[in-house]
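Following: one structure in structure tokens, then a few remarks.
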Amino acid sequence: MQIFTFLVTLGGICLFFVCGASAFETDSVSVFVMEGDAVTLYTDDKMKQDRMTWYFEDNRIALINGDQSKICADDQCKERFRDRLNVNQTGSLTIMNIRTTDSGDYKLKITSRNIEKIFSVTVQGVSDAERDEMKRKSVKEGESVTLDPGVTNNPNDLMTWHFNDSLIAEITGDQSKICTDVQCKERFRDRLKLDLQTGSLNITDTRTTDSGDYKLQINSSRFSIIRIFTVIVTYSGSSSVAAAAAAATAAAVLLLLVAAGFYKRNAIMKCIRRQPRDQMNDAEDPPLEQIDPLMQMATIETSPNETEAANETEQ
């Protein structure tokens, strides 16, 4: 009888622990990010007053108790993450500038609610050249540039683009918005375009004032990813010189045309003013054909005496 009682008690204890373990509500989600991104793993806002503990591969990395938090209390954690972890008031964990060595399971435990959440994070490694090609764009003024996040848009996610921390575009499912405020409209003037399938942002007719950081944030109900693109728009000196030369040539041609027109006008005016004077001179002076016969008649009519007198005078 005592043996039977002992076995029943032992079974009850085992059943208690099994039930206790199964009473934890376990939730898991997969997260895929690219090296260099920042990822935030969400908790529930309702849990912000609870005691929460974050683990990475079963090693504690953060402890949140009400308004107090402690991150990386041991040297191993500090060595691995090097000030790249952060927790907010709700207990959500952010991993900044994520690396391939950060891949693994991040576990959140809330013992007061018997809740356990597991985030399986996979970090895609990229070379420096690939990262620069994708996230760092350099174009000349007037050219177009496309910022491609390299993902397929999830209809349930919210994708937002920010320029220098100002919202410029967003995609929700098959709906999109671009430049909803006056400042954005004034800056970009219908030069932004969105691809609803990939979430890519295209900037046309770029200007030097478009240089800066463009931040893409992908928000789901469980996590968010931030990816930053840097755009450098250089001043195109050669094209401006060519434009200035063309403008100077056009101005020179215009001046020549104006001068030629002015000269031609003066010549015409001189001709117009000279015509009446020539007509008056023509009226006063008889033609040469009329002058010669008169001179001949005057010579013939001169008397011999006048001729001799003239000869004596000459002598």
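The values are calculated or read from the model by the stated rules, or taken from the named source; none is laboratory data. Every value quoted in this text rests on a predicted model; they were computed, and no experiment measured them. Please note: Cβ atoms are built from the backbone with ideal geometry, for glycine as well, and neighbour counts cover all protein chains shown.
What the table below lists for this structure:
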| item | result |
| --- | --- |
| Odd one out for Thr90, checked against (1) under 38 Å from the mean Cα position of the chain (by Cα); (2) polar (S, T, N, Q); (3) closer than 25 Å to Gly125 by Cα | (3) |
| Gly212 over 20 Å from the mean Cα position of the chain (by Cα) and surrounded by fewer than 18 Cβ atoms within 10 Å (Cβ to Cβ) | no |
| Selection within the range 93-112 - loosely packed, with under 15 Cβ neighbours inside 10 Å, under 31 Å from the mean Cα position of the chain (by Cα) and β-branched (Val, Ile, Thr) | Thr100 |
| Selected residue (only one of Gly150, Gly142 is modelled with pLDDT under 90, at positive phi and assigned by the TED database to the domain that holds Asp213) | Gly150 |
| The range 152-170 - residue that is crowded, with 18+ Cβ neighbours inside 10 Å and among the hydrophobic types (A, V, I, L, M, F, W, C) and, of those, farthest from Lys185 (Cα to Cα) | Met159 |
| Residue list for the range 97-147, filter: under 19 Å from Ile225 (Cα atoms), hydrophobic (A, V, I, L, M, F, W, C) and either in contact with a Phe, Trp or Tyr (Cβ under 8 Å, 6 or more places away or on another chain) or outside any strand (DSSP E or B) (or both) | Ile98, Leu108, Ile118, Phe119, Val121, Val126, Met134, Leu147 |
| Whichever residue in the range 122-147 is surrounded by 14 or more Cβ atoms within 10 Å (Cβ to Cβ) and touching a helix residue (DSSP H, G or I) at 6+ places or on another chain (Cβ under 7 Å) and, among such residues, is farthest from Gly66 (Cα to Cα) | Glu141 |
| Yes/no for Thr152 being within 17 Å of the chain's Cα centre (by Cα), not in a helix (DSSP H, G or I) and not aromatic (Phe, Trp, Tyr) | no |
| Flag for Thr206 being in contact (Cβ under 8 Å) with a residue 12 or more places away in the chain, more than 27 Å from Ser236 (Cα to Cα) and outside the structural domain of Gly104 (by the TED database) | no |
| Flag if Asp181 is surrounded by fewer than 16 Cβ atoms within 10 Å (Cβ to Cβ), farther than 19 Å from Arg227 by Cα, more than 12 Å from the chain's Cα centre (by Cα) and assigned by the TED database to the domain that holds Arg222 | yes |
| Test: residue in the range 65-82 that is over 14 Å from Ile225 (Cβ atoms), surrounded by fewer than 17 Cβ atoms within 10 Å (Cβ to Cβ), within 29 Å of the chain's Cα centre (by Cα) and modelled with pLDDT under 95 | no |
